[in-house]
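Accompanying notes for the structure given below.
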């Protein structure tokens, strides 16, 4: 009760002072929130750049492996290799990380720095979109592969089950498991 007795009655001046102090605190809080939001944007940009760099590294690594003579797989010899092939037609758009060609077959290789199970449907769709976007190759055999710097056992097994080649880095070598490969 003693504390309540020591309280002074509110006057317009004291209420006005409290409101000014509250407004000042609110402006300071808004500035802090703005600075935190800016920091988060910069962090997201940095993380995005790092992820893009890792993806670019993986694509370059596997592309160089195929370009330097490792084009003899899927039981076939491929004559040419292209990277980052893109096309758009009738509302369909797709990009193919690595494409291997010969006179009768195409190999579409999706490259990930670290692949996941949710990449498999993306790889499977590549054959379908390729036939639409590049009708010249509609009668060619299409093989699919998933290349990654890192595979975990469940992912590797699901690729094999789906008929997708597993292409991975093991030490300083590229290992290709295409034993259960399907023609798409």
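Things to note:
- The stretch 106-129, residues that are more than 18 Å from residue 184 (Cα to Cα) and in a strand (DSSP E or B): 111, 112
- For residue 101: the one exception among (1) more than 26 Å from residue 158 (Cβ to Cβ); (2) touching a residue at least 24 places away in the same chain (Cβ under 8 Å); (3) touching a strand residue (DSSP E or B) at 6+ places or on another chain (Cβ under 6 Å): (2)
- Counting only residues that are in contact (Cβ under 8 Å) with a residue 40 or more places away in the chain and surrounded by 12 or more Cβ atoms within 10 Å (Cβ to Cβ), the stretch 77-98 holds 4 of them.
- Filter result for residue 69 (loosely packed, with under 10 Cβ neighbours inside 10 Å and at pLDDT 60 or above): no
- Restricting attention to the stretch 153-169, the residues that are part of a strand (DSSP E or B) and farther than 12 Å from residue 65 by Cβ add up to 2.
- Subset of the stretch 135-152 (residues that are under 21 Å from residue 77 (Cα atoms) and either in a strand (DSSP E or B) or out of contact with any helix residue (DSSP H, G or I) (no Cβ under 6 Å at 6 or more places or on another chain) (or both)): 136, 137, 139, 140, 141, 142, 143, 144, 145, 146, 147
- Within the stretch 55-63, the presence of at least one residue that is surrounded by 10 or more Cβ atoms within 10 Å (Cβ to Cβ) and at pLDDT below 70 is confirmed.
- The one condition in (1) in a loop (DSSP other than H, G, I, E, B); (2) closer than 24 Å to residue 56 by Cα that residue 103 fails to fulfil: (2)
- Among residues of the stretch 12-34 that are assigned to a helix (DSSP H, G or I), those with a Cβ under 9 angstrom from a residue that is surrounded by fewer than 10 Cβ atoms within 10 Å (Cβ to Cβ), sequence gap 6+ or separate chain, pair up as 14/8; 18/10.
- Consider the stretch 104-131 and keep the residues that are in contact with a helix residue (DSSP H, G or I) (Cβ under 8 Å, 6 or more places away or on another chain) and farther than 20 Å from residue 157 by Cα. The one that is surrounded by the fewest Cβ atoms within 10 Å (Cβ to Cβ) is 131.
The values are calculated or read from the model by the stated rules, or taken from the named source; none is laboratory data. This is a predicted model, so every value here is computed, not measured. Positions of Cβ are backbone-derived with ideal geometry, glycine not excepted, and every protein chain shown enters the neighbour counts.
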